[in-house]
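> Sending over a structure as structure tokens; questions will come in a sec.
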């Protein structure tokens, strides 16, 4: 197995390098432990496999754990939220995430996605195509949420049934599929339908379909536990990820050799 795309996806086309490195390292650690190869950088706390990642600032928390807000550690979003596909920026390959298939029409002006079945949000409610259509239509209603500008290309997004999403484009432009499928985090309709402007929504209980759930947050520590409702929970071998916050580099540099953290960035 190679660290290709099983557990997180980049959140923006213009994702900052530190966020991308963080995301890839988390994915790499999870997949290595899942494959049972080599020595993992995770530590053991009792019977739990714990990954401790340090950062100088916890920007995801500062943005209210909201995938529509931009922030430095964008890769952390991939612990909670998922995209339709993971797009490998190195080779252009698409790995199915919330969608399992897509097909273009004959003139490349419409694409139909098939949703993965039996997926649940981390609060236990079922995921469906309606959540995907809602996500994109909310981005249309509130343009500030459309940081990728996908509605410059889209004409219409509908969910004709619980397992199907149909996206119609203003004109043929297949390359935009990278942004649409690989860089838009899907949000739960049952949470966001009542919040108004999604860019202003703040919560410390983010609801996503990803491999982890935020279980504890305080100013100097965020803790994510393995999501028991995750659609491939059996492949996630890290039980907990902790993000202690360090205010300065000197303190952070001391934490690594002491074993207080497994990785810093």
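The values are calculated or read from the model by the stated rules, or taken from the named source; none is laboratory data. Only a predicted model underlies this, so the values are computations on that prediction, with no experimental measurement involved. Every residue, glycine among them, receives a Cβ derived from its backbone with ideal geometry; neighbour counts consider all protein chains shown.
> Residues in region 231-240: is at least one over 20 Å from residue 142 (Cα atoms), at pLDDT 95 or above and under 16 Å from the mean Cα position of the chain (by Cα)?
Taking every residue of region 231-240 in turn, at least one turns out to be over 20 Å from residue 142 (Cα atoms), at pLDDT 95 or above and under 16 Å from the mean Cα position of the chain (by Cα).
> Applying the selection to region 113-125, what residues are surrounded by 15 or more Cβ atoms within 10 Å (Cβ to Cβ) and closer than 15 Å to residue 163 by Cα?
Within region 113-125, 113, 114, 115, 116, 119, 120 qualify.
> Which residues, counting only those in region 195-204, are touching a residue at least 12 places away in the same chain (Cβ under 8 Å), part of a loop (DSSP other than H, G, I, E, B) and within 25 Å of residue 216 (Cβ to Cβ)?
Hits for region 195-204 are 201, 202, 203, 204.
> When you go through 118, 105 one by one, which is the residue that is free of Cβ contacts under 8 Å to residues at least 24 places away in the same chain and out of contact with any strand residue (DSSP E or B) (no Cβ under 7 Å at 6 or more places or on another chain)?
105
> State yes or no: is residue 55 surrounded by 15 or more Cβ atoms within 10 Å (Cβ to Cβ), touching a helix residue (DSSP H, G or I) at 6+ places or on another chain (Cβ under 7 Å) and modelled with pLDDT under 85?
So residue 55 fails the test.
> Report those strands (runs of 3 or more DSSP E) wholly inside region 61-179 carrying at least 2 residues which are within 17 Å of the chain's Cα centre (by Cα), closer than 23 Å to residue 195 by Cβ and outside the structural domain of residue 192 (by the TED database).
In region 61-179, no matching strands (runs of 3 or more DSSP E) lie anywhere.
> Right, next: State all residues of region 180-194 that are surrounded by 15 or more Cβ atoms within 10 Å (Cβ to Cβ) and assigned to a loop (DSSP other than H, G, I, E, B); if no residue qualifies, say none.
The answer is 183, 184, 185, 186, 187, 188.
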